Number of protein chains: 2
Amino acid sequence: MIPSISSPKIAFAGADHDHRRCVAAALAAATELCARRGVRLTELRRRVLELVWRSHAPQGAYAILETLRRRGRRAAPPTVYRALEFLLAQGLIHRIESASAFVGCTTPGRPHAGHFLICSDCGATAEVDDSRVGSALRDSAAEVGFRVERQTIELSGYCPDCQDESLDGEPSD
Amino acid sequence: MIPSISSPKIAFAGADHDHRRCVAAALAAATELCARRGVRLTELRRRVLELVWRSHAPQGAYAILETLRRRGRRAAPPTVYRALEFLLAQGLIHRIESASAFVGCTTPGRPHAGHFLICSDCGATAEVDDSRVGSALRDSAAEVGFRVERQTIELSGYCPDCQDESLDGEPSD
DNA sequence: GGCGTTATGTTATACTATAACAGTCTTGAG
DNA sequence: CTCAAGACTGTTATAGTATAACATAACGCC
Ligand SMILES: [Zn+2]
Ligand SMILES: [Zn+2]
Ligand SMILES: [Zn+2]
Ligand SMILES: [Zn+2]
């Protein structure tokens with residue numbers, strides 16, 4: 001195994017990527033998925049999903065609310081939280097506990113239990129599903145007789161882009 | 001491998017254990033540690049630590065506040081949060097992000113990055129430090145060029161005691 | 001169109017956490 | 001011992017996150 005020079009796996013969307021494609025793909029997948037399941041991706045839910053996908057950094061509920069209002073929609077906290085609740089239930093978004101914020105799911109459609117890499121600098125978040133992590137956790141839990149139902153795995157640190165920048169002389173603060 | 005009959009590792013304090021010993025041990029360790037580091041485990045901080053250790057279930061800041069007040073101490077939210085901040089900095093407690101609550105550290109004294117098993121039924125929480133999990137996560141992050149600074153790993157599910165109970169006929173909900 | 005169900009609007013409130021400043025206690029230098 | 005600097009705590013106010021409860025509106029089936 002010679003991983004040294006080979007390009008790393010892609011996990012973080014580059015700073016230059018065409019994000020409109022991300023959003024469009026997420027909305028298309030959500031539309032298809034909800035249709036297949038016979039649940040309603042209403043206009044409000046679609047707009048909230050779109051705002052969650054506004055960036056790859058987790059979005060707070062009140063930031064979403066604020067934007068909805070600026071765009072002319074009547075909205076209060078329950079408006080947003082109910083939409084988020086629906087999107088969570090459908091597996092279209094995830095909640096980042098350590099940030100009290102929400103991020104779009106990159107592989108909706110089937111159950112999956114991955115983990116998140118969250119850049120402390122730019123906020124960019126990558127969703128990773130690594131079987132080694134899952135099995136290590138399952139083994140570890142099984143050894144003490146614990147039955148796992150839900151997992152929250154969030155690693156904070158620095159994404160490739162922000163590590164590079166810190167070399168360029170920007171005082172890390 | 002025949003794990004069936006062999007007793008599992010101990011991670012969860014049994015429902016019957018003498019919890020006063022847990023508290024006493026935690027306070028003693030904290031006293032010793034703070035003395036060695038030259039930081040002050042004041043009366044308030046000690047009392048807050050004791051209240052965090054009131055149970056193996058994570059304790060909310062406002063529950064601690066409430067108890068402090070009932071016991072006659074003048075206290076407001078900052079009183080508690082400042083003490084919790086100190087205890088976190090000294091590694092005497094951990095914050096459970098998915099519960100916005102705090103739990104005593106079972107192995108204070110040196111840096112460690114383990115994970116938590118949290119019973120959805122009784123709340124009991126076990127702190128586990130499994131090298132396989134750590135290395136799986138580190139490998140996984142390294143492959144995508146992510147530099148990990150902090151990790152939040154919280155597994156929700158059912159502890160051995162509560163799995164047993166659910167078999168005893170108690171309707172699961 | 002009537003009607004049950006689902007979704008959204010609206011108001012109020014609970015829960016979690018921190019800012020800002022004042023007063024008190026501890027500690028060590030002189 | 002005294003006092004000044006720093007650390008700790010008290011106090012008030014407010015920010016940020018989330019939900020309860022009830023009213024109204026939209027949908028979808030008959
Ligand atoms: Zn993108
Ligand atoms: Zn970054
Ligand atoms: Zn105990
Ligand atoms: Zn339990």
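None of the figures in this text is laboratory data; all of them are computed from the coordinates on show. What you are looking at is a predicted structure, and each value in this text was computed from that prediction instead of being measured. Neighbour counts are summed over all protein chains in view; Cβ atoms, including those assigned to glycine, are modelled from backbone coordinates with ideal geometry.
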Across the range B:94-104, which residue is farthest from the other protein chains (Cβ to nearest Cβ) among those that are within 22 Å of A:I96 (Cβ to Cβ) and away from ligand 4 (no atom under 16 Å from the Cβ)? B:F102
Cβ-Cβ distance below 7 Å, separation of 6 or more or different chains: which pairs start in the range A:108-127 with a residue that is at the interface with chain B (Cβ under 10 Å from one of its Cβ atoms) and touching a residue at least 24 places away in the same chain (Cβ under 8 Å) and end on one that is hydrophobic (A, V, I, L, M, F, W, C) and more than 16 Å from ligand 2 (Cβ to nearest atom)? A:H115/A:V133; A:H115/A:I153; A:F116/A:I153
State the number of residues belonging to the range A:70-92 that are touching a residue at least 60 places away in the same chain (Cβ under 8 Å) and of a type in the set (A, V, I, L, M). 1
Can you pull out the residues in the range A:106-163 that are among the hydroxyl-bearing types (S, T, Y) and closer than 17 Å to B:A141 by Cβ? A:T106, A:S120, A:T125, A:S131, A:S135, A:T152, A:S156, A:Y158
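Might you check whether a residue that is within 14 Å of another protein chain (Cβ to nearest Cβ) and without any contact (Cβ under 8 Å) to a residue 12 or more places away in the chain occurs anywhere in the range A:8-26?
Yes, there is a match, as at least one residue in the range A:8-26 is within 14 Å of another protein chain (Cβ to nearest Cβ) and without any contact (Cβ under 8 Å) to a residue 12 or more places away in the chain.
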I need every pair where a residue in the range A:44-69 that is touching a residue at least 60 places away in the same chain (Cβ under 8 Å) has its Cβ under 9 Å from the Cβ of a residue that is in a helix (DSSP H, G or I), sequence separation at least 6 or different chains. A:S55/A:H19; A:H56/A:H19; A:H56/A:C22; A:A57/A:A99; A:P58/A:V52; A:P58/A:A99
Residue in the range A:145-166 that is touching a Pro at 6+ places or on another chain (Cβ under 6 Å) and away from ligand 4 (no atom under 16 Å from the Cβ) present: no
For the range A:40-80, enumerate the residues that are closer than 19 Å to A:A25 by Cβ and polar (S, T, N, Q). A:S55, A:Q59
When A:P58 is evaluated against the numbered criteria (1) away from chain B (no Cβ under 14 Å); (2) more than 10 Å from ligand 1 (Cβ to nearest atom), which criterion, by number, is the only one it fails? (1)
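Hey, can you tell me all the residues within the range A:103-125 that are among the charged types (D, E, K, R) and surrounded by 23 or more Cβ atoms within 10 Å (Cβ to Cβ)?
None; the set is empty.
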For the range B:16-60, which residues satisfy the criterion of being within 16 Å of the chain's Cα centre (by Cα) and not in a helix (DSSP H, G or I)? B:W53, B:R54, B:S55, B:H56, B:A57, B:P58, B:Q59, B:G60
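Has the range A:70-83 got any residue that is at positive phi and either in a loop (DSSP other than H, G, I, E, B) or within 14 Å of another protein chain (Cβ to nearest Cβ) (or both)?
yes
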Would you mind stating whether B:L137 is facing chain A (nearest Cβ under 9 Å) and within 16 Å of ligand 4 (Cβ to nearest atom)? no
